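**Student:** Have a look at the structure that comes next, please.
The values are calculated or read from the model by the stated rules, or taken from the named source; none is laboratory data. Since this is a predicted model, take the numbers as computed values, not measurements. Virtual Cβ from ideal backbone geometry, glycine too; neighbours counted across all protein chains shown. For accessibility, only protein heavy atoms count, side chains too; no ligands or nucleic acids. Shrake-Rupley method; radii C 1.70, N 1.55, O 1.52, S 1.80 Å.
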Amino acid sequence: NPRLPDSSVMFVDGKRVPTSVDSIKRYADDVWSAREKYYGLGLMVKCGVEVDFFPEISDEILHALEDRLIELRLVGIHRIDDLSFENEGQTLKLLEKYTVPELLKKYYALVRQASTYRLFDYVAHLDYYRRHAPENKLDEMVRTDFDFIGTTLETLVENEIGIEVNTSALRHGLKEYYPNMALLNKARRAGVMIRYLGSDAHSLDQLAYDFVDGEVIVYETNLHDISEG
């Protein structure tokens, strides 16, 4: 994001460096080295990226994501007006600026825009805006009868983009995964692919968090995908 240069970074050799074609390729090379190392031990390591989407995303970066070494491409909406849902204070600022329907309308417009690139395989943590939602707004945020939600799900189907079920919501103090069950079932009825289970692990102890229960929900997971890792 050209307006937030400090957030557009990667770690290479333990150092923060700007996200670039070179740093993405370095990352992919390292993952494939791990794939070769552990394949003989029965572990399939795949190369994936999650992209924080914003309208001004660089064509150069998008082109780099087409590299054959990258096998899974997630897209996530983390910000509206450069204010992050990862930050409680910034989420509250957004809810002061917009009503819940207005905010969610802008959010799902970005999801639809990202899907039109037909580059991404699935959307990460679809209703991430719940992360720091105050109690007095949460009920309205989990409504699924907004017209723009149905339109967004139709767009995902048209562009063959799936959604993940992300268990990190429980770590964030919420009672349901991302997306919540009402939204997940609405997506399922709309024909959206639901084939991925993620824990959004930022440390080893978070890896595959609550997957035993999560696997029951993501029953569409294709056995062929599992056989490939």
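**Student:** Quick one: which of 82, 30 is loosely packed, with under 15 Cβ neighbours inside 10 Å and under 30 Å from residue 152 (Cα atoms)?
**Tutor:** 82
**Student:** Having 2 or more residues that are under 19 Å from residue 47 (Cβ atoms) is the bar; report the helices (runs of 4 or more DSSP H) wholly within the range 114-229 that clear it.
**Tutor:** 223-227
**Student:** Which one of these is under 22 Å from the mean Cα position of the chain (by Cα), open to solvent by 40 Å² or more (accessible area, probe 1.4 Å) and charged (D, E, K, R): 36, 56?
**Tutor:** 56
**Student:** In the range 40-53, which residue that is surrounded by fewer than 10 Cβ atoms within 10 Å (Cβ to Cβ) and not hydrophobic (A, V, I, L, M, F, W, C) is nearest to the chain's Cα centre (by Cα)?
**Tutor:** 42
**Student:** Then there's this: Does residue 23 fit the bill of being of a type in the set (S, T, N, Q) and open to solvent by 50 Å² or more (accessible area, probe 1.4 Å)?
**Tutor:** no
**Student:** Let me ask something additional. Among the acidic types (Asp, Glu) and crowded, with 17+ Cβ neighbours inside 10 Å - does that describe any residue in the range 137-149?
**Tutor:** No.
**Student:** Find the helices (runs of 4 or more DSSP H) located wholly in the range 1-111 whose residues include 2 or more that are within 22 Å of residue 138 (Cα to Cα), and list them.
**Tutor:** Of the helices (runs of 4 or more DSSP H) lying wholly inside the range 1-111, those with at least 2 residues that are within 22 Å of residue 138 (Cα to Cα) span 88-97.
**Student:** Now, a different point. What do you reckon, is residue 170 out of contact with any helix residue (DSSP H, G or I) (no Cβ under 8 Å at 6 or more places or on another chain) and either at pLDDT below 95 or closer than 15 Å to residue 125 by Cβ (or both)?
**Tutor:** Answer is yes for this residue.
**Student:** Only one of 129, 178, 209 is within 17 Å of the chain's Cα centre (by Cα), touching a residue at least 12 places away in the same chain (Cβ under 8 Å) and open to solvent by 50 Å² or more (accessible area, probe 1.4 Å). Can you tell me which?
**Tutor:** Exactly one of 129, 178, 209 is within 17 Å of the chain's Cα centre (by Cα), touching a residue at least 12 places away in the same chain (Cβ under 8 Å) and open to solvent by 50 Å² or more (accessible area, probe 1.4 Å), namely 209.
**Student:** Residue check: is residue 70 closer than 16 Å to residue 1 by Cα and in contact (Cβ under 8 Å) with a residue 24 or more places away in the chain?
**Tutor:** no
**Student:** Given the residues 100, 123, which is the only one that is modelled with pLDDT of 95 or more, within 24 Å of residue 202 (Cα to Cα), buried (at least 17 other Cβ atoms within 10 Å of the Cβ) and of a type outside the set (Ser, Thr, Tyr)?
**Tutor:** Residue meeting the stated conditions: 123.
**Student:** Which residues, counting only those in the range 87-96, are of a type outside the set (Val, Ile, Thr) and within 23 Å of residue 152 (Cα to Cα)?
**Tutor:** Residues satisfying the conditions are 94, 95.
**Student:** Would you confirm whether any residue within the range 198-206 is under 25 Å from residue 65 (Cβ atoms) and open to solvent by 70 Å² or more (accessible area, probe 1.4 Å)?
**Tutor:** yes
**Student:** Looking at the range 6-25, which of its residues are more than 25 Å from residue 79 (Cα to Cα) and within 22 Å of the chain's Cα centre (by Cα)?
**Tutor:** 25
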